[in-house]
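Q: The structure's right below; bear with me while I get my questions together.
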Amino acid sequence: MITIFTENSTKHPVLSFIKRCLRMFKKFIQRKSFSLKYGGHYAVTRSLLVGLDELHINYNYNPKKIDDINKTVLILSNIGALETAIKLKQKGKIEKLFAGPNIINNPGNEKDLLSSKEIDGFIVNCEWTKELYSIAVPELKNKLYIWPAGVDEKYWSPIFIKKEKIALIYKKNDTNNFYLSVKRILKENGWQTLTIKYGDYKEKEFKDKLLESLISVFLSKGESQGLALVESWSMDVPTLVWNPEIIEPKYKIRTSSCPFLNQENGLQWKELNDLDNILKDDNVYLNIKPREWVMNNMTDKICAQKLIDIIKQNVK
């Protein structure tokens, strides 16, 4: 059995609950998906717990009592929970301690904590974040494991009907002028457009627009995973992803907007003329079947099994 934490519930159980309620209220105001059941990063926690349930693997989640903590612990998120877990391991309560991927945004800011010898394995989302952590915290270099969260393939499921030539633009952190240029290029190539703005939509709105769309065009400067991409793929909507490959300024790492993009689920482009050239040949992307890739690589169940395999490698 494994214990999973997304909050420091054993130290301040009542305070943890109040904080979670406040986070959920904030997400409600921002019109994001929320649930009191899933703390931390909602989509990551949901995917893991659902996947573990589908695998019939025993776990307990955010136990309130120290006596309920198992020998193997995963801190999905919350730096306070990691600090508490390190102390518990020093006392012999925990035998194997894993952390990540949603502990902190900048590993260099918590180098002393992350370099703790009590951490047996640290989870990161993708290859470029693994490289960043290995430079920022050299003590973690041989403890880093890549694990992406999965998607609910039953919810994010397409309806197989003939669609019009509609492209969904996923607008995250590009400039408005750039977005308008992308929209113009799509129109010039015969595409109608819909738009989703990051942080300003509900899951159902995104799903409904994907149901209408033949392709999706993602505008984001960088992603450690890009779960919205996986949701598009699960809906069998190929993605044309802007990937400017920005160099992270402090650690000089080349980032990515689409760490798990490949020829089976979509295409990437860097300059506007690259997008224009792709759009001129429908056969390049309309023959891609991304849902098949998701079913083989990134469902909740498959991804949960990948994490269990990582843990098993380190638990003797």
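Q: Label the chain by shape, choosing from rounded, prolate and oblate, from the square roots a ≥ b ≥ c of the eigenvalues of the Cα gyration tensor; if a/c is under 1.5 it is rounded, and otherwise prolate applies when a/b is larger than b/c, oblate when it is not.
A: On the way: a/c = 2.05, a/b = 1.77, b/c = 1.15.
Prolate, because a/c is 1.5 or more and a/b exceeds b/c.
Q: For Met235, what is the net charge nearby, where nearby means another residue's Cβ is under 14 Å from its Cβ and Lys, Arg count +1, Asp, Glu -1? Let's see the in-between values first.
A: Details: positive: Lys154, Lys163, Lys204, Lys207, Lys209, Lys289, Arg291; negative: Asp152, Glu153, Glu203, Glu205, Asp208, Glu212, Glu231, Asp236, Glu292.
Combined, the nearby Lys, Arg, Asp and Glu give -2.
Q: Here's a follow-up. How much net charge surrounds Trp156 when only the other residues with a Cβ under 10 Å from the Cβ of Trp156 are counted, with Lys and Arg +1 and Asp and Glu -1?
A: Net of charged neighbours comes to -2.
Q: Would you mind counting up the charge near Val73? Only other residues with Cβ under 11 Å from its Cβ, with Lys and Arg at +1 and Asp and Glu at -1. Write down the numbers at each step before the final one.
A: Working: positive: Lys71, Lys89, Lys93, Lys96; negative: Glu95, Glu118, Asp120.
The answer is +1.
Q: Would you calculate the separation in nanometres between label points at Asn142 and Lys71, each defined as 7 Å from the Cα along the Cα-to-beta-carbon direction?
A: Taking the two extended label points, one gets 2.4 nm.
Q: Further question: Find me the longest stretch of the chain that has none of the exposed GluC sites (Glu not before Pro), where exposed means in a DSSP loop (not H, G, I, E or B) with at most 16 other Cβ atoms within 10 Å.
A: Formally, the longest exposed-site-free interval is 1-94.
Q: Enter the angle in degrees (range 0 to 90, nearest 10) between the Cα long axis of helix 127-136 and the first principal axis of the Cα atoms of the chain, meaning the one along which they spread out most.
A: 50
Q: For the stretch 200-264 and the stretch 116-172, what is the separation of their Cα centres, given in Å?
A: 11
Q: Roughly speaking, what is the stretch gain from Lys93 to Ser181, that is 0.36 nm per residue apart minus the C-alpha to C-alpha distance, in nm to one decimal? Walk me through the numbers on the way to the answer.
A: Details: separation 88, 0.36 × 88 = 31.68 nm, distance 5.71 nm.
In short, 26.0 nm is gained.
Q: Could I ask something else about it? Assuming R0 = 22 Å, what is the FRET efficiency of Glu245 and Ile79, from their Cβ-Cβ distance, to the nearest 0.05?
A: For Glu245 and Ile79, the calculated efficiency is 0.15.
Q: Would you calculate, for the chain, the mean residue ellipticity at 222 nm contributed by helices, counting each DSSP H stretch of 4 or more residues as -39,500 (n - 2.57) and dividing by all residues, to the nearest 500? Each step should come with its number before you reach the end.
A: On the way: 12 runs with 123 residues, N = 316.
It comes out at -11500 deg cm²/dmol, rounded to the nearest 500.
Q: Of all beta bridges DSSP finds with both residues in the chain, what is the antiparallel percent, to the nearest 5?
A: Values: 1 of 38 bridges.
Restricted to the chain, the bridges split so that about 5 percent are antiparallel.
Q: Continuing with this model, one more query. How would the stretch 166-296 be classified by its alpha-carbon gyration tensor: rounded, prolate or oblate, with rounded meaning a/c under 1.5 and the a/b versus b/c comparison settling the rest?
A: Judged from the Cα gyration tensor, the stretch 166-296 comes out rounded (a/c under 1.5).
Each reported figure results from applying straightforward, stated rules to the coordinates on display, with no laboratory input. Just so it is clear, the structure is predicted and the values come from calculations on it, not from any experiment. Positions of Cβ are backbone-derived with ideal geometry, glycine not excepted, and every protein chain shown enters the neighbour counts.
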